[in-house]
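The values are calculated or read from the model by the stated rules, or taken from the named source; none is laboratory data. Computed from a prediction, not measured in an experiment: that's the story for all the values here. Here the Cβ positions follow ideal geometry from the backbone for every residue, glycine too, while neighbour counts run over all protein chains shown.
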Amino acid sequence: MSRGIGPKLSAVCGLVLAAMFIGCAGSGEPLYYERSLPGGLAQVHKPSPGRSMVVFIRPGIYGGNIGINVLDGRKIIAQCRPNSYGQYECDPGKHVFAAIHENVAFVEADLLPDRIYYAKVSVNMGWWSARANLWPLYPGCEGNAWQDLPKWLANVSEVTLGPGMGEWEAENRESLDKKYNAFYGPWSAMANHKELRPEHGLTEPIPPAQ
């Protein structure tokens, strides 16, 4: 199991890792745990009764070791590493999810209880660092992503947030909010938003390809 960034790196995090938007908690506590899975097969769980589950998956290794933070509103809920996924259980209803790095990419969501939803995180070249992308996944979504999802789920590790993420988030609250606000205004004024709609939810997890 990888523990993300440990105490020995805390002194250099600000200099070396800030550009990768990983950062470091001042206490040196790990920001995330990355768990290898048997055969690389994802183990997606159903939500607790009355709740919703959202699975954020980042297939492929493009972007190297850059981590992309995913937010629900202003709160970090997942960290997406290359070839990894994270699971987020939440209350049903309306949410605004965001992937943040050099930019902020948004998806509007309206979730049903007892349903599982999927979204894809990816990166591409930016001006100074990587740009984050966030895409809702559902039958008929753009490209071949829905058809490729079982294959992606068969070659991933699982990332969960570590005890240092809350501290790091608090330390960087001002810069996070400044970037979020800079992109949220233009996005909210757009007529059409990328959406996870109620009907996109599934009652059973998608099985990984064998």
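Key figures for this structure:
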item	result
Evaluation of Pro163 against (1) under 19 Å from Ile61 (Cα atoms); (2) surrounded by fewer than 14 Cβ atoms within 10 Å (Cβ to Cβ) (one fails), failing number	(1)
Residue list for segment 56-71, filter: in contact (Cβ under 8 Å) with a residue 24 or more places away in the chain and either surrounded by fewer than 17 Cβ atoms within 10 Å (Cβ to Cβ) or among the aromatic types (Phe, Trp, Tyr) (or both)	Phe56, Gly60, Tyr62, Asn65
Flag for Arg115 being within 22 Å of His200 (Cα to Cα), buried (at least 23 other Cβ atoms within 10 Å of the Cβ) and either among the charged types (D, E, K, R) or touching a residue at least 60 places away in the same chain (Cβ under 8 Å) (or both)	no
Of residues in segment 118-151 being charged (D, E, K, R) and touching a Phe, Trp or Tyr at 6+ places or on another chain (Cβ under 9 Å), the one farthest from Thr203 (Cα to Cα)	Glu142
Cross-chain or 6+ apart pairs with Cβ under 7 Å, segment 163-181 first and among the acidic types (Asp, Glu), then part of a loop (DSSP other than H, G, I, E, B)	Glu167/Ala25; Glu167/Gly26; Glu167/Ser27; Glu167/Glu29; Glu171/Gly26; Asp177/Arg74
Selection count where residues are of a type outside the set (Asp, Glu) and surrounded by 11 or more Cβ atoms within 10 Å (Cβ to Cβ), scope segment 137-153	10
Residue in segment 189-198 that is part of a helix (DSSP H, G or I), at pLDDT 95 or above, at negative phi and not hydroxyl-bearing (Ser, Thr, Tyr) present	yes
Segment 35-55, residues that are outside any loop (DSSP other than H, G, I, E, B) and buried (at least 20 other Cβ atoms within 10 Å of the Cβ)	Ser52, Met53, Val54, Val55
Selection from segment 139-176 of residues that are of a type in the set (Ser, Thr, Tyr) and more than 17 Å from the chain's Cα centre (by Cα)	Ser175
Test: residue in segment 195-208 that is under 18 Å from Val96 (Cβ atoms) and without any contact (Cβ under 8 Å) to a residue 24 or more places away in the chain	no
Residues of segment 145-162 classified as of a type in the set (Phe, Trp, Tyr) and without any contact (Cβ under 8 Å) to a residue 12 or more places away in the chain, total	1
